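The values are calculated or read from the model by the stated rules, or taken from the named source; none is laboratory data. Predicted model, so just to flag it, every value in this text is computed and none were measured. Positions of Cβ are generated from backbone atoms using ideal geometry, with glycine treated the same way; all protein chains shown enter the neighbour counts.
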């Protein structure tokens, strides 16, 4: 699927719903209940989300009323989003409004929204990081937890990001 298809899909979002979506993000609607999530636009270039976009095009077409719908259940969507955040470790640049964190024994890099750092799950991790590594860490922000645990925390954060 080409970038132009993604851009065509993005154009169908109503302007009024965009006012509460931060720059660089897009609102999508998932599942039968059409639960709303706000995700980074950059995810549309990753393989996991590309599959969802292709399915959305096949099922709903390019002209969707009421926003961009994705044909999957919420749990599957959240799993895809965690994988997308995990894939961003390959990127060297960190976009505005994001921060790189390093997790697990292998120090796997994740790029997450800065807003996650204010959430309770991340505050606990930040306090543990300060205790374990101190406030001046060289080479990036290390978080003292395993990758699997961190991915569970990401799912919780996505749930808090979604807007009713």
Practice prompt. Might you let me know whether region 77-95 holds any residue that is assigned to a loop (DSSP other than H, G, I, E, B) and modelled with pLDDT of 75 or more?
Written response: no
Fill in: Residue, nearest to residue 116 (Cα to Cα), within region 24-59, restricted to residues that are at pLDDT 75 or above and in a loop (DSSP other than H, G, I, E, B)
24
Item to complete: State all residues of region 60-76 that are modelled with pLDDT under 75 and either surrounded by fewer than 14 Cβ atoms within 10 Å (Cβ to Cβ) or part of a helix (DSSP H, G or I) (or both); if no residue qualifies, say none.
Response: 60, 61, 62, 63, 65, 66
